[in-house]
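Q: Let me give you the structure first, and then I'll get to my questions.
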Amino acid sequence: MVPPMTAPHHPSQSAGYSLDEITAALKSHFGFSSFRAHQEEIVSAILAGRDVFAALPTGGGKSLCYQLPALLTRGLTVVVSPLISLMKDQVDAARENGIAASFLNSTLEPEEIHRIWRELSKGSIRLLYVAPERLSHPRFRADLASLDVTLFAVDEAHCISEWGHEFRPDYRALGSLRDDFPGVPIAAFTATATRQVQDDVIRQLRLADPVAVRGSFDRAEIYYAVEPKDRVDRQILSFVERHRGEPGIVYRASRASVEKTAAFLSGRGLRAVAYHAGLEPEDRRTRQDTFVLDEVEIVVATIAFGMGIDKSNVRWIVHGDLPRSVEAYYQETGRAARDGEPADTVMFFGPGDIQKIRYHIDRMESDEERERAEGRLREVLRYADSGVCRRKLLLAHFDEEYPGDCGNCDVCTGVVEREDLSVAAQKILSAAHRTGQRFGGHHLADIVTGAATDRILELGHNDLPTFGVGRDRDKKWWLGLLRDLEGAGCLARADGPKSGFRITARGRNVLRGQESFSAARRAAPPAAGRDADAIHDTRLADEERLFECLRSLRLRLARERGLPPYVVFSDKSLRSIARNRPTDEAALLRCHGVGERKLEQYGELFLSLVTHYLDGGGCAES
Ligand code: ADP
Ligand code: ZN
């Protein structure tokens, strides 16, 4: 169904494409046999010359939504992309699919820029990637206006909104595109937008009666878990060891902890690099490349890392500290599994994290900013501390209701068991209450366990009715409970980490029996990788060997061409080849992600590798 054309309509575009033509282009250029959710709707809207707002999750396939129309129509599609570091990869990927794409940015030499302008004026480039600041130069706009621009595709469009968590002032200039290019449709894409941000983006970009599409933000292939933080480097190590050989990211809150964790992992023989904003840009770029090119498996990073990463085979994400917000957490975990294959994530979290975030909040200048930060902290704590399905809570943040339980998080799979600890909580809260809410954990635990320390005797705390009421558990157990109570917001430290505990409003409810208190008790450590069983199956083990062999070929080809491996073929394509074992071109074309262009480029090499393997020759690549 073609929507009514009330929005700006460019003469050189028309909606006259049949679904057959569109799907044929999807297969021949991208090698996909069907659209992902909402892609078809967006492509049709763009082909009909409509403005579009599309919020699709990371990995939802946004780039195809403007690349496919660019292939089918005449004229130039200008893609606004915030990160220069990302542009080359995006252009490489588009070219691999046979699309005439280029980028203009400050990394190019003047001669190169001239060459690109010559091609642009000849009309031989279909997709041009530029950064928002370039697009704000009047000179650049004037030059652009002399070309046949048929669409502006604004990537990471949430950056235009101050309500979003990644506001970028240079995006503001995009608001005047409508003035300078009247009649050229604008399509805005984002992977992270609440309704509030969506409305703001539409207003700022002045989209006219846009086709607004919201995909489900559910990332069904991602497993979510939260574990109490104990000795975090060791916990990270044991997680990473279960994922040996698979690429992943460890997020830490500070540069110092990034360096420390990276050194720790490297010291255990793992290939890990550190990444944070304190490094020279050149150095950062090299480190990022080693990860993108599969030369190291692990990046330990602050939040400075990620937005420029388009790597589709990230298999796991670890958060070594409590993230700043649910939104940021969802973005960061969302960098895994862009290829749709399963990925594993875990967040380690302890009361120390809350103190650190509070410390920053307390130093914020404006009341408004402080309040927003408090709200974000409350939300992320509710997530970390909850006994309900993690996915439900994450999606609720995007105003999306998830029906039932997901079956793919630690709560749904029963890794986390919750225990009602209301009575024990009342005992220790009472001890805090009766001693004037100024003592720390050790003293309170000594009171309930009935330890007659000098201090207790001196203060007469052995006469309290709560003295010794918790002898059935040891001091360590009570210290753990205090941590949980603090994590759940029942207790708070009045002045910094070393000060005594104060009872919060929620804590008072628990003390009076008006609210129950339960905490996570870990049953057993998570099973060693969710596909451990599969590996024992010999047929699958064989498929795994072929997959590894295909990966080696891919890595060699990628290195020869200076491309990231996933641009040659995604993990999902290699899986599909390993499973289907094609020995002729027709069979290879049926595999996921193999189009005519890829067939022409790589078909022979991959087919002969599979044939050699099936003939019992083993892996020709090793
Ligand atoms: P986003 O920009 O939304 O995060 P991308 O455009 O990078 O996502 O696409 C993510 C991955 O999904 C890419 O590897 C892409 O090739 C793949 N993809 C896109 N559309 C389809 C489709 N219709 N079928 C299968 N895979 C697809
Ligand atoms: Zn769940």
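Q: Return the residue satisfying two criteria in turn: it lies in the range 567-609 and is of a type in the set (Val, Ile, Thr) and assigned to a loop (DSSP other than H, G, I, E, B), and of such residues it is nearest to residue 554 (Cα to Cα). Give the steps one after another, and end with the answer.
A: Within the range 567-609, the first condition is being of a type in the set (Val, Ile, Thr), and the residues that meet it are 567-568, 577, 583, 594.
Okay, now just the ones that are also assigned to a loop (DSSP other than H, G, I, E, B), so 583, 594.
Values: 583: 17, 594: 14 Å.
Looking at the filtered set, the residue picked out is 594.
Q: A further question on this structure: In the range 137-160, what count of residues is obtained for those that are part of a loop (DSSP other than H, G, I, E, B) and free of Cβ contacts under 8 Å to residues at least 60 places away in the same chain? Reasoning before the result, please.
A: Here is the first cut: in the range 137-160, the ones part of a loop (DSSP other than H, G, I, E, B) are 137, 146-148, 155-156.
So of that shortlist, the ones also free of Cβ contacts under 8 Å to residues at least 60 places away in the same chain come out as 137, 146.
Here the count works out to 2.
Q: Can you pull out the residues in the range 481-507 that are in contact with a strand residue (DSSP E or B) (Cβ under 8 Å, 6 or more places away or on another chain) and part of a helix (DSSP H, G or I)? Steps first, answer last, please.
A: Taking the range 481-507 and keeping what is in contact with a strand residue (DSSP E or B) (Cβ under 8 Å, 6 or more places away or on another chain), we get 481-488, 490-494, 499-504, 507.
Result: 481, 482, 483, 484, 485, 486, 487, 507.
Q: Given 85, 81, which one is crowded, with 16+ Cβ neighbours inside 10 Å, touching a residue at least 40 places away in the same chain (Cβ under 8 Å) and farther than 19 Å from residue 54 by Cα?
A: Details: 81 fails: farther than 19 Å from residue 54 by Cα.
Exactly one residue qualifies, and that residue is 85.
Q: If you take the residues of the range 401-421 that are surrounded by fewer than 16 Cβ atoms within 10 Å (Cβ to Cβ) and on the phi < 0 side of the Ramachandran plot, which of them is farthest from ligand 1 (Cβ to nearest atom)?
A: Filtering the range 401-421 down to residues surrounded by fewer than 16 Cβ atoms within 10 Å (Cβ to Cβ) leaves 401, 403-405, 407, 414, 417-420.
Within this subset, residues satisfying the condition of being on the phi < 0 side of the Ramachandran plot are 401, 403, 405, 417-420.
On the way: 401: 22, 403: 24, 405: 26, 417: 35, 418: 35, 419: 40, 420: 42 Å.
Per the stated criteria, the residue is 420.
Residue-by-condition table, conditions (1) in contact (Cβ under 8 Å) with a residue 40 or more places away in the chain; (2) out of contact with any Phe, Trp or Tyr (no Cβ under 8 Å at 6 or more places or on another chain); (3) not assigned by TED's automatic domain parsing to the domain that holds residue 563:
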| position | (1), (2), (3) |
| --- | --- |
| 274 | no, yes, yes |
| 281 | no, yes, yes |
| 313 | yes, no, yes |
| 321 | yes, no, yes |
| 325 | yes, yes, yes |
| 329 | yes, no, yes |
| 346 | yes, no, yes |
| 349 | yes, yes, yes |
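Q: When you check residue 103 against the structure, is it touching a helix residue (DSSP H, G or I) at 6+ places or on another chain (Cβ under 7 Å), in a loop (DSSP other than H, G, I, E, B) and on the phi < 0 side of the Ramachandran plot, yes or no?
A: On the way: touching a helix residue (DSSP H, G or I) at 6+ places or on another chain (Cβ under 7 Å): yes; in a loop (DSSP other than H, G, I, E, B): no; on the phi < 0 side of the Ramachandran plot: yes.
No; evaluated as a whole, the condition is false for this residue.
Q: Does residue 481 satisfy the condition of being touching a helix residue (DSSP H, G or I) at 6+ places or on another chain (Cβ under 9 Å), among the aliphatic types (A, V, I, L, M) and modelled with pLDDT under 90?
A: Details: touching a helix residue (DSSP H, G or I) at 6+ places or on another chain (Cβ under 9 Å): yes; among the aliphatic types (A, V, I, L, M): yes; modelled with pLDDT under 90: yes.
Yes, satisfied.
Q: OK, next. If residue 534 passes every condition in (1) under 30 Å from residue 442 (Cα atoms); (2) surrounded by 13 or more Cβ atoms within 10 Å (Cβ to Cβ); (3) modelled with pLDDT under 60 but one, which one does it miss?
A: (1)
Q: Restricting to the range 300-311, what's the tally of residues that are touching a Ser or Thr at 6+ places or on another chain (Cβ under 7 Å) and either buried (at least 24 other Cβ atoms within 10 Å of the Cβ) or not assigned by TED's automatic domain parsing to the domain that holds residue 245 (or both)?
A: Qualifying residue count, the range 300-311: 1.
The values are calculated or read from the model by the stated rules, or taken from the named source; none is laboratory data. Predicted model, so just to flag it, every value in this text is computed and none were measured. No Cβ is skipped: glycine too gets one built from the backbone with ideal geometry, and neighbour counts run over all protein chains shown.
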